[in-house]
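The block underneath contains the structure these notes are about, expressed in structure tokens.
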Amino acid sequence: MAYRLLLIGLLAVSVLYTLTARHIPMDAWTAEELINAQTLPTVYGILLALTVLVLLFRTSPAAVGIAPGRVLRLAGIAGLVLAFVAAISWLDLWLGLGILLLVTAWWLGERRWLPMLSLAVSVPLIGYLGIEVGLGVYLPD
């Protein structure tokens, strides 16, 4: 039952994410283009919803052999992602991404500080340098 509730929750999150992605503000020129700022988030939301629907109607969790601990771990990661999305308005994107990676690595069982910190620092730094500095694309908060 917890497995089905988790999938229903993920379906609700994917629908809300897709609806939110459709309200990303754009200027008049960008809105007229076929591929714009709303395209990739909308595709991600739709793919997540379709994946969850397939899992929801496929088989029972007992037949698949899903342990309750895995459902809890997946629910925790989903909660971390939701906390990241909620906190992005008052945290910087790159700082929030670093915190998300650090906490997710810890949640998944990594206890060595050097790999966790190097992941949490290098990925946001590469993203910032590659996207905002290298490409000159400013990502508003």
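Quick notes on this one:
- Verdict on residue 132 being in contact with a helix residue (DSSP H, G or I) (Cβ under 7 Å, 6 or more places away or on another chain), charged (D, E, K, R) and not assigned by TED's automatic domain parsing to the domain that holds residue 9: no
- Filter result (assigned to a helix (DSSP H, G or I), of a type in the set (A, V, I, L, M, F, W, C) and loosely packed, with under 15 Cβ neighbours inside 10 Å) within the range 32-53: 40, 43, 47, 50, 53
- Residue in the range 24-31 that is assigned to a helix (DSSP H, G or I), out of contact with any strand residue (DSSP E or B) (no Cβ under 6 Å at 6 or more places or on another chain) and either modelled with pLDDT of 80 or more or surrounded by 13 or more Cβ atoms within 10 Å (Cβ to Cβ) (or both) present: yes
- The residues listed here are 67, 86; of these, the one that is without any contact (Cβ under 8 Å) to a residue 24 or more places away in the chain, under 13 Å from the mean Cα position of the chain (by Cα) and exposed (fewer than 13 other Cβ atoms within 10 Å of the Cβ) is 86.
- Any hit, the range 96-119, residues being basic (Lys, Arg), in the same structural domain as residue 131 (by TED's automatic domain parsing) and exposed (fewer than 14 other Cβ atoms within 10 Å of the Cβ): yes
The values are calculated or read from the model by the stated rules, or taken from the named source; none is laboratory data. Here the structure is a predicted model, which means the values were calculated and not measured. Don't worry about glycine lacking a Cβ; one is built from the backbone with ideal geometry, like all the others, and counts go over all protein chains shown.
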